Amino acid sequence: MTLPPLDHLPNPIRPAFTEGSREGSVIVNIGPSHPATHGTVQIVAELSGERVVRTDVHCGYLHRGFEKECESHTWHNLIPYVDRLNYCSALINDFAYCEAVEKLMGIEITPRCRYLRTLLAEYSRIADHLTCVAAALMELGAMTAFLYLVTIRDYVYEHLADLTGARVTYSYGRIGGLARDLPDGWLARLDGILTQLDEFTGRVHALVDRNRIFIDRMRDVGVISAAEAVNWGYTGPILRSTGAPRDLRKDTPYLAYGALDFEVPVGIKGDNYDRYYVRMREIDESAHMIRQLVEMLPDGPLCVDDRRCTYPPKALVYSEIESLINHFKLVMEGPQVPPGEVYSAHEGANGELGFYIVSVGGGVPWKVHCRSPSFVHVGGLHRMLDGYQLADVVPTFGSVNMIGGECDR
Amino acid sequence: MGAEVFDPIREQLGGDALEAAVAHGILVLRIDRDRVLETVRTLKEGYGFDLFLDVTAVDWPEREPRFDVVWHFYSTRDFVRLCVKTRVPLADPVVDTLTGLYGSAHYMERECHDMYGIVFRGNDDLRPILLYEGFEGHPLRKDYPKQLEQPLVPYREPKP
């Protein structure tokens, strides 16, 4: 097969600089497809020796028109799409989106749904943090730690597959409720996984926390101050690693977080080591929250009794004309959301995950905008890369946990 | 929630605003586009709205002026959100940039320019960010057909 010569292909980006700013510096292009960048991101870096002088970060290689696509599907049909934003913690996206729609419709979810969503959101956060920490450690050569963490992550995925039927993209949220209730024995297995989680994260702590090589690569690398982090829009574990205890679960409690006892772990100086440690501590806090939630989980219905959004039971659809019509209208026309607009945010695994939705009435959104933490974080990434070594790009980028699906939408 | 933060803002800025109402716990200020920069500076310096969350636009093709530009802010001191909105016409979709106040505005204004063609006066780096260099049109405008393809690399004929 003959391919067109490379210099005839148009360049998808226009770098901010093509000439070095000082004598002897070179411009190096890292990515978009590079073994050390998990995620399609392109970093154009000016290097002076091994030192990064300045960088120009480009994303968008995974752009697939999420927001445009949303404007021609019913509110319910979007749930599989929002799953694919942050595919490491898809359930958090589901619940954040559903809550935005529920706010517009004026729906209050049932207590069981509220507690179950909280539990599953924390469970997803564990999976997301495990992924991030494991990948970052592997890129530094810590293969054993990586395998320990993804072993647990795989238990979590398999366990969520028992509940939802899928390992990664669950499509489990519903406007006004959830797809189905817990299967038998699910909570018992959950308890077993949490026990193993403690054991495996303990091993990782023992392997790397005081490891000279790890500390040398992570401590004082990619430092960002709290004021700088706020200026560049950082939220979530990165902002907390700078010492600012800002967490939406604590500051503006939503779902059932107001009823839970948990701490907001913070770092000391906002470097890579702090970001690693904050994520590891958040895994512990999430496990602590899940144990409380299992105790508190109330009985009762899972979905609200509201014919505007909740599907009627299948048995009735086949036996009763009203339910058949209801089902048909919900599938074909979508839930009728009153005109209005709302911005609703959850504490995603990476930071503030916001949905700004506009409805003009009817079953299809006028606009769905996702405020994705990864996109904002990549926008300030150069603050953490400039001035450090070329080799530091890898752990710093790993600690940001940029998720292409959510960044590029 | 938030009344003790919102009431002084409405008192100071509400007179010049076209709308100032609390919806779903968020204070929404609709203002003239010439007042955006000054209003946001007041909000940041006087009321602690230090986190620039988001800027996007909403397209209303039947309406004149056609676009809403919508900003969201968060206060890490009072834990409340605030929304600033303004309207711009298709012929002159220009608003002032907020990059002088918030670093995070850089990327998000580029995205908004990509998707809706809103021009942020004073932001000299409006290169495509989610789209690619040479992309024609603004895909989130309602008159951009969803199925329109603009392949950067020409499609190859499948082998027989």
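The values are calculated or read from the model by the stated rules, or taken from the named source; none is laboratory data. None of the values given here were measured: they were computed from a predicted structure. Glycine also receives a Cβ, built like all others from the backbone with ideal geometry; neighbour counts cover every protein chain displayed.
Any idea which residue in the range B:7-16 is modelled with the highest pLDDT, counting only those that are closer than 21 Å to B:L101 by Cα and crowded, with 16+ Cβ neighbours inside 10 Å? Quick ask: steps written out before the conclusion?
Taking the range B:7-16 first, the residues closer than 21 Å to B:L101 by Cα are B:9, B:12-13.
Now narrow it down to the ones that are crowded, with 16+ Cβ neighbours inside 10 Å: B:9, B:13.
Details: B:I9: 76, B:L13: 73.
Going through the qualifying residues, I end up with B:I9.
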Per the list (1) under 15 Å from the mean Cα position of the chain (by Cα); (2) crowded, with 18+ Cβ neighbours inside 10 Å; (3) over 25 Å from A:C370 (Cβ atoms), residue check on B:A20 breaks on (1)
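For the range A:67-80, enumerate the residues that are within 14 Å of another protein chain (Cβ to nearest Cβ), assigned to a helix (DSSP H, G or I) and either in contact with a helix residue (DSSP H, G or I) (Cβ under 8 Å, 6 or more places away or on another chain) or closer than 24 Å to A:R125 by Cα (or both).
Within the range A:67-80, A:E67, A:E69, A:C70 meet the criteria.
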Among the helices (runs of 4 or more DSSP H) confined wholly to the range A:317-409, which include 1 or more residues that are acidic (D, E) and out of contact with any strand residue (DSSP E or B) (no Cβ under 9 Å at 6 or more places or on another chain)? A:321-332, A:404-408
Condition check: under 21 Å from A:V358 (Cβ atoms), touching a strand residue (DSSP E or B) at 6+ places or on another chain (Cβ under 7 Å), surrounded by fewer than 19 Cβ atoms within 10 Å (Cβ to Cβ) and more than 10 Å from every other protein chain (Cβ to nearest Cβ). Does B:P93 satisfy that? no
Residues satisfying the stated conditions in the range A:334-373, i.e. within 11 Å of another protein chain (Cβ to nearest Cβ), among the small types (G, A, S) and surrounded by 23 or more Cβ atoms within 10 Å (Cβ to Cβ): A:S344, A:A345, A:G351, A:G354, A:S372
Taking the range A:144-186, which residues are of a type in the set (K, R), in contact (Cβ under 8 Å) with a residue 24 or more places away in the chain and closer than 20 Å to A:I126 by Cβ? A:R153
Do we have any residue at all in the range A:309-331 that's closer than 23 Å to A:V364 by Cα, without any contact (Cβ under 8 Å) to a residue 12 or more places away in the chain and among the aromatic types (F, W, Y)? yes
Going through A:L85, A:L91 one at a time, which residue ends up being assigned to a loop (DSSP other than H, G, I, E, B), in contact with a strand residue (DSSP E or B) (Cβ under 8 Å, 6 or more places away or on another chain) and crowded, with 24+ Cβ neighbours inside 10 Å? A:L85
For the range B:35-52, check the following and say yes or no: at least one residue is more than 9 Å from chain A (Cβ to nearest Cβ), in contact with an Asp or Glu (Cβ under 7 Å, 6 or more places away or on another chain), crowded, with 16+ Cβ neighbours inside 10 Å and assigned to a strand (DSSP E or B). no
For the range A:308-333, give me each residue that is surrounded by fewer than 22 Cβ atoms within 10 Å (Cβ to Cβ) and either hydroxyl-bearing (S, T, Y) or within 28 Å of B:V22 (Cα to Cα) (or both). A:R308, A:T310, A:Y311, A:Y318, A:S319, A:S323
Would you mind stating whether A:L381 is away from chain B (no Cβ under 12 Å), touching a residue at least 40 places away in the same chain (Cβ under 8 Å) and under 30 Å from A:Y123 (Cβ atoms)? no
Determine which member of the set A:G222, A:G267, A:G243 is over 19 Å from A:M289 (Cβ atoms), touching a residue at least 40 places away in the same chain (Cβ under 8 Å) and surrounded by 14 or more Cβ atoms within 10 Å (Cβ to Cβ). A:G222
Of the residues that sit in the range B:110-160 and are within 8 Å of chain A (Cβ to nearest Cβ) and within 15 Å of the chain's Cα centre (by Cα), which one is farthest from B:W60 (Cα to Cα)? B:E111
Filter the range B:53-90 for residues that are among the acidic types (D, E), within 14 Å of chain A (Cβ to nearest Cβ) and assigned to a loop (DSSP other than H, G, I, E, B); which is surrounded by the fewest Cβ atoms within 10 Å (Cβ to Cβ)? B:E62
Within the range A:212-261, count every residue that is away from chain B (no Cβ under 11 Å) and of a type in the set (G, A, S). 8
Need a quick list: helices (runs of 4 or more DSSP H) entirely within the range A:195-313 having at least 3 residues that are within 25 Å of A:E102 (Cα to Cα) and touching a helix residue (DSSP H, G or I) at 6+ places or on another chain (Cβ under 8 Å). A:272-296
Filter result for the condition that a residue is closer than 28 Å to A:A16 by Cα, among the charged types (D, E, K, R) and touching a Lys or Arg at 6+ places or on another chain (Cβ under 9 Å), over B:D59, B:D32, B:D68, B:D50: B:D50
Assess whether A:C59 counts as being touching a strand residue (DSSP E or B) at 6+ places or on another chain (Cβ under 6 Å) and surrounded by 20 or more Cβ atoms within 10 Å (Cβ to Cβ). no
Is there a residue being out of contact with any Phe, Trp or Tyr (no Cβ under 7 Å at 6 or more places or on another chain) and part of a helix (DSSP H, G or I) anywhere in the range A:33-48? no
